[in-house]
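Accompanying notes for the structure given below.
Since every read-out is calculated from the coordinates, none of them should be taken as a lab result. Since this is a predicted model, take the numbers as computed values, not measurements. Here the Cβ positions follow ideal geometry from the backbone for every residue, glycine too, while neighbour counts run over all protein chains shown.
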Amino acid sequence: MLNGFLNIGRRPTLRFALECSDQPFSLRDMFFWKSLTVTALLAALTGCGTVRTIWFHPATDPLAAFQQRAAKYHSVVTLPEFETTPAAVQATVDQTIAAGNAALDAIGQLRAGEVNFHNTIRELDDIAYRFQGASDRLGLIEQTSTNAAVRDAATDAIKKLSAWSVGTDYREDVYAAVKAYAGTQPALEGEDKKLFDETLRDYRRAGLDLPKDQRDAVEKLRQELTALETDFEDNVTKATNSLKFTKAELAGVPDEFLAQQGIKTGADEYTLKANITFHYIMVEDNAQREATRRRMLVAQCELARDENIPLLQKILVRRDEVAHRLGYASFADYATETRMVKNAATAIAFLENLKAGLQPKFDAELEEFRQMKVRDTGDANAKICVWDWRYYANQLKKTKYNVDAEQLRVYFPYQRVLDGMFTIYQRIFGLKFERVEAPYKWIGDLQLYTVSDRKSGEPLGLFYLDMYPREGKYNHFAQFGIVEGKLLADGRYQRPVCALVCNFPPPQPDKPSLLSHDEVETVFHEFGHAMHTILTRAKYSRFSGTSVPQDFVEAPSQMLENWAWDKTVLDSFAADYRDPRKKIPREILDQLKASRLATMGMYYRRQLSFALMDLALHTQIHATNAADVLPLSNRVLSDVALPMPPDTAFVAYFGHITGYGAGYYGYAWADAIAADMATVFENSPDGYFDQQAGRRMRNEIYAVGDSRDINVSIEKFLGRPRSLEPFLKKIGVNSTTSP
Ligand SMILES: [Zn+2]
């Protein structure tokens, strides 16, 4: 059965946001938002063509030996068979839809006396699994194929699969079979019971429990919403706003940036776009003139305004109506029901407490910025406005902390980072990675690795690495699931396959690829998702790998980002590529940490302002007050972070409003869990290298996935109840003033 309408789908392994993410999507993991519509819905795929077992002679081929070894563990390792022509992509779509329909027909034709767990509940998970395999693979092809026609065909394919899958929610014959099985009042336990309960819950959430006329109304609203949301997101993507400045107006903005093609457009004319994040950040970070910073910010807050404010009103009113028809007080309650937080009130209370706890630090940071502005302007009453904070945060970094993150690159040659990270992950999680030759490569330098248990040698899965940018490739960093873990009907376990798709700076003739510290942090994060995918042992695909609640999925990877800030970890691999005896100087790392902490109050208050705005809109907007969308969003933003200029429309360009749908709170929520989880390593004898902590992480978090309540898994890993203290400490909140 489907994962539920508008639910975040199965693999939203997004990196929630970055310091500079004024753009509607974060720089990491962006792909997954695009695939939500597909992944959130049920569908099916033909049994053939998904995966292919390739047998080679085991004596000469390590991959074949790996596959044969899997058989001893009653598991199966298969490589995806990638479509390489538009025709093959189209054929997959046709087969997927045909086989999906046939499989659903078979369930729908069961008579009451014939239904059982296997031919209804489990079969639906199998159908969803096969669909997921096709859409995941096509999703990866869309982002990585070197052939533009194949990429376009994959985009088209995903749209078609998505459109088809919407209708499958409302197959009454299938629902009748499921209800007939539920009518037998089966005595189920554990993961089977969870699958059964959640399948029924999904039907209820789709409106199948309602009388026909009401159910039809919900279906119609959902269809309208799909179109409205697509339009909203398209408008965000297409919105553009060019501004012309003179050189004097751009004083402070780096010359090499202004010299770039397309920016210098006249003798004393520079054209910048408010919709290009890089342009926006360069101005907001560096422009000495307040009027210039203000103009840029206001221009960004006007993007897509005329088109998207009316659309957002319609979206919020329809979401509210769907929630009411399904018996929820608000869309936020509806959306959070399937997540850790469970309801809107808990999410709001969490954010409000954090907001209050951050107040002293936030005030102190603003006062430090203000003093800088007083010195700049000579105005003793100067105030920090929303267009000022980036500039003064940047000045603070440069003057007080003397931070130049670029100077760290020499310590992070690509291969050293990769080898070092592999050594750490293999050690803490008890694994062995081995490079093998990929039978099919979509690019020449594609790498493929096997993952096995270090002690027993049990094969656990495979991962691909596609590491450098090229024309037409996905341009951020993300982990893509390709084959998910699942217990197959024949009793064997399908081991997972995934890919890391990155964009590291390519090597140059005179020097290797050198990573920034931020990129090192990112690869630790993304590889954490790969571990989550590969180390799964969940029986059902619904619960396997990263298919965990949306407000938890980032937590393990956010935890692993800490590794990139630890001197001992970094010293285990980072060294100057020109002289490997030289390690990262402690002062530089300390300065970087101090400068990060120095603006943490501003950073989190800003995050909280987005999260609280998201929840306010999804709890307070109804058909009767749709006109309040803009004033309400500006009021919340102004109250939690800094006052927004009157009559601007930030929310019109904030794609997370439709993408997250009452889920933005999950950023801080998962961060808090990540900090809590990190303490298990920090308090262990070997710190971030501790193998017992790693083993517990593997068993209690990665292996179980969503096959049991995630709260139970977290507590088992922690060995104690959850605590907010580690997070507050990390962000510089004194716990005596804390929530
Ligand atoms: Zn992520």
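Which parts of the range 695-709 would a label at Phe117 reach, counting a residue when its backbone N lies under 19 Å from a point 7 Å out along Cα-to-Cβ? Counting only backbone N, you get 704-709. Working from Cα pairs under 8 Å separated by at least six residues, relative contact order for the chain is 17 percent.
Between Gln68 and Arg470, the modelled label-to-label distance comes to 3.3 nm, taking each label 7 Å out from Cα in the direction of the beta carbon.
Each Lys or Arg adds one and each Asp or Glu takes one away; over the other residues whose Cβ falls under 9 Å from the Cβ of Asp192, this sums to +2. Normalised by residue count, the range 672-739 yields a Cα convex hull volume of 90 Å³ per residue. Placing dummy labels 7 Å off each Cα toward the beta-carbon, the span from Ala356 to Asp209 is 3.4 nm. For the peptides 76-86, 528-538, 250-260, the ranking by mean Cβ contacts within 10 Å, running from highest to lowest, is 528-538, 76-86, 250-260.
Per-residue ellipticity at 222 nm from helix content only, as computed over the chain with -39500 (n - 2.57) for each DSSP H run of at least four residues, stands at -16000 deg cm²/dmol.
In terms of overall dimensions, the chain has a Cα radius of gyration and Dmax of 25.8, 85 angstrom. Given the range 224-347, what whole percent of its Cα pairs are spread farther than 23 Å? That fraction is 51 percent. For Glu269, the shell of other residues with beta-carbons less than 10 Å away shows a net charge of +2, using +1 for Lys and Arg and -1 for Asp and Glu. Overall shape of the range 153-309 was characterised from the C-alpha gyration tensor. The equivalent ellipsoid obtained from it has semi-axes of 54, 17, 15 Å, in decreasing order. Measuring r between the beta carbons of Ala163 and Gln371 and using R0 = 45 Å, the FRET efficiency lands at 0.20. Measuring r between the beta carbons of Gln109 and Glu189 and using R0 = 30 Å, the FRET efficiency lands at 0.55. Sequence-distant contacts, meaning Cα pairs under 8 Å at least 6 residues apart, place the relative contact order of the range 406-502 at 20 percent. Stretched out straight at 0.36 nm per residue, the stretch from Lys247 to Asp445 would grow longer than its current Cα-Cα span by 66.9 nm. With the convex hull drawn over the C-alpha atoms of the range 541-608, the volume per residue is 127 Å³. The equivalent ellipsoid of the range 444-496 has semi-axes of 28, 15, 8 Å, largest first, where each one is the square root of 5 times an eigenvalue of the Cα gyration tensor. Take every Cα-Cα pair in the range 583-739 and report what % of them are more than 26 Å apart. Tail of the P(r) past 26 Å holds 46 percent of the pairs.
For the range 479-568, a Kirkwood radius taken over Cα pairs fed into Stokes-Einstein (20 °C, viscosity 1.002 mPa s) yields D = 145 µm²/s. As a proxy for reagent exposure, ranking Cys385, Cys498 by other Cβ atoms within 10 Å from fewest up yields Cys385, Cys498. The modelled label-to-label distance for the pair Ser723/Thr85, using points 7 Å beyond Cα in the direction of Cβ, is 6.2 nm.
Overall, the chain carries a charge dipole of about 1120 debye about its Cα centre when +1 sits on the Cβ of Lys and Arg and -1 on the Cβ of Asp and Glu, all other atoms neutral.
Cross-link pairs exceeding 27 Å in C-alpha to C-alpha distance, out of Lys238/Lys342; Lys273/Lys355; Lys244/Lys473; Lys247/Lys511; Lys238/Lys593; Lys238/Lys473, comprise Lys238/Lys342; Lys273/Lys355; Lys244/Lys473; Lys247/Lys511; Lys238/Lys593. P(r) for the range 347-410, from all Cα pairs and a bin width of 5 Å, is 4, 15, 19, 18, 15, 13, 10, 6, 1 %, short bins first. For q values of 0.26, 0.28, 0.32 Å⁻¹, compute log₁₀ I(q)/I(0) with the Debye formula on a Cα-only model of the range 110-160, without solvent. For the range 110-160, the Cα-only Debye profile gives -0.89, -0.96, -1.09.
Assuming charge only on the beta carbon of Lys and Arg (+1) and of Asp and Glu (-1), the dipole of the range 402-539 about its Cα centre is about 620 debye to the nearest 20. With the convex hull of the Cα atoms taken as the outline of the range 339-462, the averaged projected area works out to 15.0 nm².
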